[in-house]
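Single-structure report; data block below.
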Amino acid sequence: MAVREVITWGDPRLKKNSEDVGPWTPELEQLVADMYETALAEEGVGLAAPQVGINLNLAVIDCSCGEDPAQRILLLNPEIIAEEGSQKGPEGCLSIPGITEVLERPQKVTIRNHRPDGSTYELVGEDLLARAFCHEIDHLRGRLFVEYFGPVKKQVLQRKYTKNQKAG
Ligand code: NI
């Protein structure tokens, strides 16, 4: 397993629509293992394949941040099929280090997900998990969470982000 480089805001690969994952391969198995390790190393709840420069509809989520292997969720060609309620809370992204902003998301989200063998099943997430589903699936559609803000706020965040990057 290896920690992969996470690409950051401004990289065009983060704005692309990703492609569906096809038949399962040892390379995909390795990618998933590396992504769990990378998310853990960077202390993120989730990581989407485009963030390691691979435009595939694949993401990993671990709301326990490495504490409980049973909480690991592999998203494969996921699709949101229902949303309920709303929650307001802080959101951040490993591709936009140093920026955390309050964002409204649905409180409960149902997704249709795939297993490596291609079979489908439904998953329901509430609270943090619902937020993670939305955030990671947005990545697969080429959308970063900062895109939800208006142009003025986005510009402020961009300036803050650039300043942070320069400061190291
Ligand atoms: Ni993110």
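State the percentage of accessible surface on the chain attributable to carbon and sulfur atoms; use a 1.4 Å probe and exclude ligands, DNA and RNA. Let's see the in-between values first.
On the way: 4330 of 8830 Å².
The C+S portion of the solvent-accessible surface of the chain is 49 percent.
Wrap a convex hull around the Cα atoms of the stretch 110-168, take a quarter of its surface area, and give that in square nanometres.
6.1 nm²
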Taking Cα atoms only, Rg over Rh for the stretch 1-55 with Rh from the Kirkwood formula is 0.96
Nearest 10, in degrees from 0 to 90: the angle of helix 26-41 to the longest Cα principal axis of the chain is 40 degrees
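Given 25 °C and 0.890 mPa s, how large is the Stokes-Einstein diffusion coefficient of the chain in µm²/s, with Rh as the Kirkwood radius over Cα pairs? Kindly include the intermediate steps, with their values, before the conclusion.
Values: Rh = 16.3 Å.
Taking Rh from Cα pairs, D becomes 151 µm²/s.
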For 110-121, 19-30, ranked highest to lowest by mean beta-carbon neighbours within 10 Å, the order is 110-121, 19-30
Excluding residues fewer than 8 positions from K15 in its own chain, the lysines with Cα under 25 Å of it are K88, K153, K154, K160, K163, K166
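In Å², and per residue, what accessible area does the chain have when probed at 1.4 Å with the other protein chains present? Numbers along the way, then the final one.
On the way: 8830 Å² over 168 residues.
Using a 1.4 Å probe on heavy atoms only, each residue of the chain averages 53 Å².
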Taking every DSSP bridge whose two residues both lie in the stretch 1-105, the antiparallel percent to the nearest 5 is 95 percent
Per the rule of 0.36 nm per residue minus the C-alpha distance, extending E84 to I7 adds in nm 24.5 nm
If one compares the long axis through the Cα atoms of helix 151-167 with the longest principal axis of the Cα atoms of the chain, the angle in degrees, nearest 10, works out at 90 degrees
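The values are calculated or read from the model by the stated rules, or taken from the named source; none is laboratory data. Every value quoted in this text rests on a predicted model; they were computed, and no experiment measured them. Virtual Cβ from ideal backbone geometry, glycine too; neighbours counted across all protein chains shown. Quick note on the areas: whole protein, heavy atoms, side chains included, nothing else; ligands and nucleic acids left out. Shrake-Rupley method; radii C 1.70, N 1.55, O 1.52, S 1.80 Å.
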